[in-house]
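Here is the structure we will look at, set down as C-alpha cells.
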Amino acid sequence: MYATRPGSAVGLSSACRFTHPLIDLHHFGPERSYVARDTTVFLRPAVPMYRCRGRGGVGVVWRMRTILAVAAGGALGAVARYGIGGWFQQATRSDFPWGTMLVNVTGSLVLGFLMVWLRATTASVEVRTLLTVGALGGYTTFSTLTYETAAMFQEGEWRRAGFYALGSLVLGLVALMMGMAVADALLRKSG
C-alpha cells in the first residue's frame, strides 16, 4: 500500500505527492483512499516515487536513493538466501527443499516484525525499502518454491509437493503473524 504526503521533496512543488509501500496493513481495494495521521493511503502497484500533477498531466520522478536502497538490499538478501539456504540444505542432507522453506519462513517472520516495527519508528523511506522490498525481497523466493513444487509434481511426488506448497504457505503465515506479535509486544513494553 502506498502513502502520500504533499510536497515533501526538495525542489518539488506542493502538487507532488510521494508514494511509499508498506505504510499500512489494511486493504481498502484498488484506487480507494482514506486519511490517517495526515497521510492519504492508496493501493497502487508501484515503487516509491514522486507523482506530480501539472500542465503535462501526471509525471513520475524516480528517487535514485530509494532505487539504490532497493538494489543494495536485494543484493544482500540474495547473498543471504544463497548462503543460509544452501547451508541448511546441506545440513539436512535431504532432497526435500528444506533450504528454500527455511528462507521463506524466516523471511516471513522478519517481514512481519518489520511491518509493525517500522510503522512505529521514524525510519526513512530508504531504510524501509532497503529492508522490506530490497533485503527481504531478495532473501525470500516464491519463484523457487513454485519451481520446486512443480518439479515434485512432474516426478509424481504428489504428497511431498502438496506438503511443501501448503506447509510453506501455512508456516509463512504463522511466522509473519508471530513476527508482528513480537514487534507489537516489544513496542508496548518500550512505550
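Derivation of every value follows stated rules applied to the coordinates shown; laboratory data play no part. This one's a predicted model, so the numbers in the text were calculated from it and none came from an experiment. Counting neighbours? That spans all protein chains shown, and the Cβs are built from the backbone with ideal geometry, glycine included.
Just a few scattered comments:
- When peptides 85-97, 128-140 are ranked by their average number of other Cβ atoms within 10 Å per residue, the highest-first order is 128-140, 85-97.
- Rg(Cα)/(2.2 N^0.38 Å) for region 75-148, N = residue count: 1.20
- Order of 159, 63 - criterion: other Cβ atoms within 10 Å of each residue's Cβ, fewest first: 159, 63
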